[in-house]
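Below: the structure, in structure tokens.
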Amino acid sequence: MVTGLLAYIMNYIIGKNKNSRLAQAWFNSHRELLESNFTLVGDDGTNKEATSTGKLNQENEHIYNLWCSGRVCCEGMLIQLRFLKRQDLLNVLARMMRPASDQVQIKVTMNDEDMDTYVFAIGTRKALVRLQKEMQDLSEFCSDKPKSGAKYGLPDSLAILSEMGEVTEGMMDTKMVHFLTHYADKIESVHFSDQFSGPKIMQEEGQPLKLPETKRTLLFTFNVPGSGNTYPKDMEALLPLMNMVIYSIDKAKKFRLNREGKQKADKNRARVEENFLKLTHVQRQEAAQSRREEKKRAEKERIMNEEDPEKQRRLEEAALRREQKKLGKKQMKMKQIKVKAM
């Protein structure tokens with residue numbers, strides 16, 4: 001037992017330190033590029049005013065965050081280094097059976113005026129199928145199966161999800177294809193969307209009564225080389241992918257749908273909203289009925305708690321008049337409907 005405890009403690013220290021070294025190696029190799037593109041690098045949110053700390057923010061022993069802002073086209077960029085749980089001995093043992101990779105996840109929130117209306121994704125077929133099931137926007141606007149990117153010279157490992165062909169044609173320029181082909185082994189997924197709201201709400205959580213808030217967003221997930229056997233020197237190999245992110249921000253700003261594409265995009269968004277309203281119509285009615293009943297119960301309780309008999313009588317009469325007035329309006333409406341039907 002003592003031996004097991006010592007092994008757990010030693011693994012915790014070694015794993016934690018390795019993740020820390022990997023994080024610092026990534027930051028050291030990317031810092032110059034980030035500081036040349038963003039005025040603020042590393043705000044930790046502890047000060048009222050945005051302050052550039054110039055360092056990573058450690059969330060736990062295997063997750064490090066970096067917030068960057070102060071650039072045209074976007075509100076900001078959140079970089080998350082998601083390392084394997086090397087500090088967890090059980091996780092280390094599990095990875096012997098099922099290898100996994102460290103990942104870099106990047107989320108760029110675009111300004112509304114600097115990105116057109118479209119949903120588009122590139123990645124491994126496995127990643128796209130999963131995202132299509134999990135993400136609200138991809139499931140609604142890219143319902144077809146992932147398509148091969150061979151037409152654009154992409155390797156077999158990558159596939160495409162796109163709301164419309166015009167978006168694919170516009171995104172697959174020479175430079176983007178260069179990034180995707182040369183670094184395909186490190187790319188898990190690239191996801192551009194004006195309708196990004198995150199994962200779908202699961203059925204057991206209840207159907208929301210209003211459409212989720214959306215943001216124009218660019219998302220990237222990159223796999224760190226080494227398949228888990230990663231060394232600090234491997235982090236520099238990800239630098240070209242950060243160049244791809246910067247290029248994508250500028251690309252999203254420049255790309256605009258033509259008139260026909262814009263009309264199609266607007267039609268798609270109207271369709272999604274209409275389907276949502278149909279789906280939630282009964283639930284909204286039930287919610288409204290529940291609010292009315294709750295209001296009635298509260299009013300009745302207020303009358304019952306009134307100690308002055310005369311005041312209680314007046315409250316009851318007022319409540320009765322309101323009910324009769326509502327009933328009268330309902331009957332009048334029914335008569336008008338019958339007259340129109342004739």
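Bear in mind these aren't lab numbers, they're just calculated from the coordinates by the rules spelled out. In this text the structure is predicted, and so the values were computed from the model without any measurement. Methodologically, a virtual Cβ is constructed for each residue, glycine included, from the backbone with ideal geometry; neighbour enumeration extends over all protein chains shown.
Enter the mean projected area of the convex hull around the alpha-carbon atoms of the stretch 1-72, in nm², rounded to one decimal. Walk me through the numbers on the way to the answer.
Details: hull surface 23.3 nm².
Its Cα hull, projected and averaged over all orientations, spans 5.8 nm².
Counting other beta carbons within 10 Å of each Cβ, put ASP234, ASP156 in order, fewest first. Could the numbers behind the result be given before it?
Numbers: ASP234 17, ASP156 10.
Arranged by neighbour count, lowest to highest, ASP234, ASP156 become ASP156, ASP234.
Can you pull the one-decimal nm distance between simple spin-label points at GLU286 and VAL2, each 7 Å off the Cα toward Cβ?
The two pseudo-label positions are separated by 6.2 nm.
Restricting things to alpha carbons, tell me how big the stretch 2-264 is in terms of Rg and Dmax, in Å.
When restricted to the Cα atoms of the stretch 2-264, Rg and Dmax are 19.5, 71 Å.
So if I place +1 on the C-beta of Lys and Arg and -1 on the C-beta of Asp and Glu, and nothing else carries charge, what would the dipole magnitude of the chain be about its Cα centre? I want it in debye, nearest 20. Present the calculation step by step, with values, prior to reporting the outcome.
Numbers: 59 positive and 48 negative charges, 327 e Å.
Taking the Cα centre of the chain as origin, the dipole is about 1580 debye.
Name the GluC sites (Glu not before Pro) in the stretch 168-256 that are in a loop by DSSP and that have at most 10 other C-beta atoms within 10 Å, would you? List each step's numbers first, then the result.
Values: sites: GLU169, GLU188, GLU204, GLU205, GLU213, GLU236; in loops: GLU213.
The qualifying sites are GLU213.
For the stretch 14-148, what is the charge dipole size about the Cα centre, in debye to the nearest 20, if Lys and Arg each add +1 at the Cβ and Asp and Glu each add -1 at the Cβ? Spell out each step's value before the answer.
Numbers: 19 positive and 18 negative charges, 230 e Å.
Result for the stretch 14-148 is approximately 1100 debye, rounded to the nearest 20.
Quote to one decimal, in nm, the extra length available between ASN28 and LYS147 on full extension: 0.36 nm per residue of separation minus the C-alpha distance between them.
Details: separation 119, 0.36 × 119 = 42.84 nm, distance 3.73 nm.
Going from the current span to full extension adds 39.1 nm.
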